[in-house]
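Inspection log for the structure reproduced underneath, given as structure tokens.
The values are calculated or read from the model by the stated rules, or taken from the named source; none is laboratory data. Worth saying up front: this structure is predicted, and the values here are computed from it rather than measured. Because the Cβ atoms are built from the backbone with ideal geometry, glycine has one as well, and the counts that use them run over all protein chains shown. Side chains are part of the model used for accessible areas, which takes the heavy atoms of the whole protein and leaves out ligands, DNA and RNA. Shrake-Rupley method; radii C 1.70, N 1.55, O 1.52, S 1.80 Å.
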Amino acid sequence: MDVLSDVIAVMRTGRPRSARIEWRAPWGQRFPAAPGSAGFQVVLRGATWLLPPDGPPVALSAGDVVFFPRGHGYAMADSPSTPVAEPHCDPYTDEAGLFASASMEGQGAATVLLCGGYRLDPTRAHPLLRDLPDLIHLPAVPGLHSEVRAAVELLGAEIHRPGLGADTVVSSLLDMLLLYILRAWFAAEHGHCEVTGWAAALADPAVSAALDAMHRDPARPWTVADLGTRAGLSRAAFARRFAELVGQPPLAYLTWWRLSSAGRLLRETDAPLSEIAARVGYGSEFAFANAFKREYGVAPGRYRRTACPARPEEAALTR
């Protein structure tokens, strides 16, 4: 898997939830903060206003996408002056199912929104996502973000008129949408004159090659020299550039990534500890258990018992 896919796979828990809602003016709705989650809103038809907790209102039109990587609260309304109501329904609960469709009756102009959310593991926040702003706005500009638009159109149509296999289709499309949103944001960042953080790391051919190697084969006994060779740099030059862009030395990141991957395997599989240890690069179950406890504060077996009361597909996406 590539770096971005890996990051999402490790951080995502449970299944995403979504809802297609038609609002009729006048309307205003508050969406409360939801730590440990990421949410989005897509304007399928009409126009609306995003009312962030800080800063001026943002006008949104059909095709606009807004994404909240850290689950910050916000409100949306037909006009900045319309009073906003407190939440009266939650499309992300198990009771609502994987997706929902609703209509809020009124007399004014209609606005159709596609909203949804993903539950994330706050204890394993990847530094790539920590670099994201609190709000990502992808305006509907012709010729830009075509993959996002395609995913949105398919998702909106499937939720509006579900067909056979809709659960699988919607779940896959929601994952696609998340990846496309992040890809679009990183692509936009790469176009800036001065790129920093993980946007710069992914744009840098040398560091990106090393990250890709670690993610594709975490079990390999990598050395800084090996990774430098993959990056096409000397050992010292590679170590310096990697630390500057990623924020930690190469082998420190590799250890963090191995143990994050191990945590996901413990949550999502019944694989024995010896197998998980081998898959993430530890020569023995004992060495793996010691490293895991240093990172998580608990032994792998206890982590599995306490972190996995249910399979991920059964876990609720709460807000």
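Computed from phi, the 3J(HN,Hα) profile of the range 31-41 under the Karplus parametrisation 6.51, -1.76, 1.60 (θ = phi - 60°) reads 10, x, 4, 9, x, x, 9, 9, x, 9, 9 Hz, with x in place of Gly and Pro.
With all protein chains present, how much of the accessible area of the range 49-91 (probe radius 1.4 Å) comes from carbon and sulfur, to the nearest whole percent? With neighbouring chains kept in place, the figure for the range 49-91 is 63 percent. Sorting the segments 264-277, 58-71 by their mean number of nearby beta carbons within 10 angstrom, highest to lowest, gives 58-71, 264-277. You can think of it this way: the chain between GLU147 and ALA243 has 31.3 nm of extra reach, that is 0.36 nm per residue less the Cα-Cα gap. Solvent-accessible surface of the chain, averaged per residue with a 1.4 angstrom probe and all protein chains in place: 46 square angstrom.
Find how many whole Å separate the alpha carbon centroid of the range 139-173 from the alpha carbon centroid of the range 1-78. Using only Cα atoms to place each centre, the spacing works out to 15 Å. Secondary-structure-derived ellipticity at 222 nm for the chain, considering helices only, amounts to -13500 deg cm²/dmol, per-run term -39500 (n - 2.57) for DSSP H runs with n ≥ 4. Note down the net charge around TRP222, summing +1 for each Lys or Arg and -1 for each Asp or Glu among other residues with Cβ under 13 Å from its Cβ. Charge balance near TRP222 sits at +2.
The slack in the chain from ALA236 to ALA47, taken as 0.36 nm per residue of separation less the alpha-carbon distance, amounts to 62.7 nm.
Taking label points 7 Å from Cα along the Cα-to-Cβ direction, ARG305 and ARG24 give a separation of 5.6 nm.
For Cα extents along the principal axes in Å, computed directly from the structure shown, the correct entry in [x] 67, 47, 36; [y] 126, 85, 35; [z] 68, 47, 29 is [x]. Which angle between 0 and 90 degrees, to the nearest 10, do you get for helix 235-246 versus the longest principal axis of the chain when only C-alpha atoms count? Long axis of 235-246 versus the principal axis of the chain: about 20 degrees.
Peptides 280-286, 207-213, 38-44, 137-143, ordered by how many other C-beta atoms sit within 10 Å of their residues on average, highest first, read 38-44, 207-213, 280-286, 137-143. Quote the FRET efficiency, to the nearest 0.05, computed for VAL84 versus ALA125 with a Förster distance R0 of 22 Å and r equal to the Cβ-Cβ distance. Once rounded, the FRET efficiency stands at 0.15.
Dipole magnitude for the chain: about 800 debye, using +1 per Lys or Arg Cβ and -1 per Asp or Glu Cβ, origin at the Cα centre. Placing unit charges on each Cβ (+1 for Lys and Arg, -1 for Asp and Glu) gives the chain a dipole about its Cα centre, and among SER261, SER37, SER61 the Cα reaching farthest toward its positive end belongs to SER261.
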